[in-house]
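Take a look at the structure below.
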Amino acid sequence: MSNFLDEDELAELGISSYGKGVLIGRHAILYSPSTLVLGDYVRIDDFTIISGKVTLGSYIHVSQFCGLYGGEAGIMMEDFSGLSAKCSVYAVSDDYTGHSMTNPMVPARYKPTAISKSVRIGRHAIVGCNSVVLPGVEIPEGAAVGSLSCVTRSLEPWSINIGTPAKKRSDRAKDVLDLEKRFWLDRERELCDC
């Protein structure tokens, strides 16, 4: 038996839509698969939890023990982006100031200041292991987040960011864009050779 669900098992999950080459670990947990959209060649490893509205583009890897909590606002990961092990991405959060009750068992009317803001992780962005991304953050194209970082505000494109809160350390090389062009050319040749 494979560590990943087969085509029949994928079809039974009730995912809103998914492309070809999707791999979902047998021990991944999808709380609301009807709000999950997956592109082509997406891999979601075991012990990952996905809840709420989440859209993953193509050629994406979500490593083990990650949590994507999209709520109604949603999380969007664009093509070629990825999350290393044990990352948490939140589009929703309780308000910890005391102006609102907390926890998911309390009805929304008692949580007037709860936070719900979409999160976008752009093309070729990568988030290092054990990092946290908070509601309303944009990690734009090419941005990298170092391990053990907490992203509390949106980042610059093609930047390397580290720490808590995450701050820009340096610029990131754009060689990956040339590699992507070669990747697509090679994919096109492979398809023509069939």
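Below are the figures for this structure:
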item: Enumeration of residues in the range 115-160 that are of a type in the set (Gly, Ala, Ser) and either modelled with pLDDT under 95 or farther than 19 Å from LEU68 by Cβ (or both); result: GLY142, GLY146, SER159
item: Complete set of residues in the range 1-31 that are assigned to a loop (DSSP other than H, G, I, E, B) and acidic (Asp, Glu); result: ASP6
item: Some residue of the range 96-111 being within 22 Å of the chain's Cα centre (by Cα) and outside any helix (DSSP H, G or I); result: yes
item: Filtered residue count, the range 61-95, keeping only those that are hydroxyl-bearing (Ser, Thr, Tyr), in contact (Cβ under 8 Å) with a residue 24 or more places away in the chain and not in a loop (DSSP other than H, G, I, E, B); result: 3
item: Conditions (1) surrounded by 13 or more Cβ atoms within 10 Å (Cβ to Cβ); (2) assigned to a strand (DSSP E or B); (3) among the hydroxyl-bearing types (Ser, Thr, Tyr): number failed by SER147; result: (2)
item: Inter-residue pairs, beta-carbon under 7 Å, first on the phi > 0 side of the Ramachandran plot and in the range 4-26, second surrounded by fewer than 16 Cβ atoms within 10 Å (Cβ to Cβ) and in a loop (DSSP other than H, G, I, E, B), 6+ apart; result: GLY21/ASP40
item: Selection within the range 172-194 - more than 22 Å from the chain's Cα centre (by Cα), of a type in the set (Asp, Glu) and modelled with pLDDT of 95 or more; result: ASP175, ASP178
item: All positions within the range 71-114 that are within 18 Å of ARG153 (Cβ to Cβ) and modelled with pLDDT of 95 or more; result: ALA73, ILE75, MET76, CYS87, SER88, VAL89, TYR90, ALA91, VAL92, SER93
item: Restricting the range 32-52 to residues that are of a type in the set (Gly, Ala, Ser) and assigned to a loop (DSSP other than H, G, I, E, B), the residue that is surrounded by the fewest Cβ atoms within 10 Å (Cβ to Cβ); result: SER32
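The values are calculated or read from the model by the stated rules, or taken from the named source; none is laboratory data. What you are looking at is a predicted structure, and each value in this text was computed from that prediction instead of being measured. Because the Cβ atoms are built from the backbone with ideal geometry, glycine has one as well, and the counts that use them run over all protein chains shown.
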